[in-house]
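Beneath this line is the structure, given in structure tokens, with notes to follow.
The values are calculated or read from the model by the stated rules, or taken from the named source; none is laboratory data. As the structure is a prediction and not an experimental result, all values here were calculated from the model. A quick note on method: Cβ atoms are made from the backbone with ideal geometry, for glycine too, and the neighbour counts reach across all protein chains shown. Note: accessible area is taken over every heavy atom of the protein model, side chains too, but ligands, DNA and RNA are not part of it. Shrake-Rupley method; radii C 1.70, N 1.55, O 1.52, S 1.80 Å.
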Amino acid sequence: HLHDMDQAVNVFYKTVLNKKKIGILGDYDVDGATSSALIYNYLSDLGFNKLEVFIPDRERDGYGLSKNAINYFLEKNVNLIVCLDCGTNDTKTVKYAKSKGVKIIIIDHHEQKQENFPSALINPKKNQDNSELNYMATAGLVFLFLIALNKKLKKSNFFTTKILPPNLKKYLDLVAL
């Protein structure tokens, strides 16, 4: 029911299938760190290792999706950045990343202050969202994203005897934090 969930899952799915590099940017608090760990652990369990993680330094990088973070990911040849627990109001920086050929998915729970966001934004507080999940932290939203991604991977026969579907229940300790 979350607005942009299907779009975000499709972008992420194609990136994984094409074995392109994914950058994970999480806020430096518990919600951002656990959200980053959820995505990282899920992808690692798939055997996907084309990953870069960036947790910003408040003093050096500021809050949210900064040019420093994008430039870090550009140096690492990242094709997709997943921004967790921040980014909802970073329209200019998202446009900068897109101008450099990098796709962006944002999963966040902060109030949206700007209209017409230029990328996939999963956020129950987003103006177009009618999910009524406003009480959820980003880690819970990431868990829902992983459920949707897992479902898409199953439907596409991604999983084999060599690549088994991860047991999503084992990630609930991170969601609970």
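At-a-glance table
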read-out: Candidate residues Thr93, Thr138: accessible-area rank, largest first, probe 1.4 Å; value: Thr93, Thr138
read-out: Kyte-Doolittle mean at least -1.0, axial Cα span of 24 Å or more - DSSP H helices of the chain; value: 138-155
read-out: Rg to Rh, two decimals, where segment 107-177 supplies the alpha carbon set and Rh follows Kirkwood; value: 1.06
read-out: Cα radius of gyration and Dmax for the chain (Å); value: 15.1, 46
read-out: Summed side-chain charge close to His110 - residues other than His110 whose Cβ falls under 12 Å, Lys, Arg +1, Asp, Glu -1; value: -4
read-out: Per-selection Rg to Rh, segment 49-143 - Cα, Kirkwood hydrodynamic radius; value: 0.96
read-out: Rh by Kirkwood over Cα pairs, then Stokes-Einstein D for segment 136-177 at 1.567 mPa s and 4 °C, µm²/s; value: 116 µm²/s
read-out: Placed amide H near Val53: partners under 5 Å, 5+ positions off or other chain; value: Ile24
read-out: Rg over Rh [alpha-carbon atoms, Kirkwood Rh] for segment 1-52; value: 0.99
read-out: Cα extents of segment 77-133 along the three principal axes, largest first (Å); value: 37, 17, 14
read-out: The chain, relative contact order [Cα under 8 Å, separation at least 6], %; value: 28 percent
read-out: Portion, in percent, of the accessible area of the chain that falls on carbon or sulfur, probe 1.4 Å; value: 49 percent
read-out: Inter-label distance for Ser99 and Thr161, nm, one decimal - labels placed 7 Å from Cα along Cα-to-Cβ; value: 5.2 nm
read-out: For segment 23-81, the Rg and Dmax computed from alpha carbons only, in angstrom; value: 11.5, 35
read-out: Cut-off 10 Å between beta-carbons: net charge of the residues surrounding Gly87, Lys and Arg +1, Asp and Glu -1; value: -4
read-out: Set Lys20/Lys169; Lys14/Lys169; Lys21/Lys154; Lys67/Lys103 screened for pairs whose C-alpha atoms are more than 19 Å apart; value: Lys20/Lys169; Lys14/Lys169; Lys21/Lys154
read-out: Per residue, in Å², the accessible surface of the chain once ligands and nucleic acids are set aside, probe 1.4 Å; value: 51 Å²
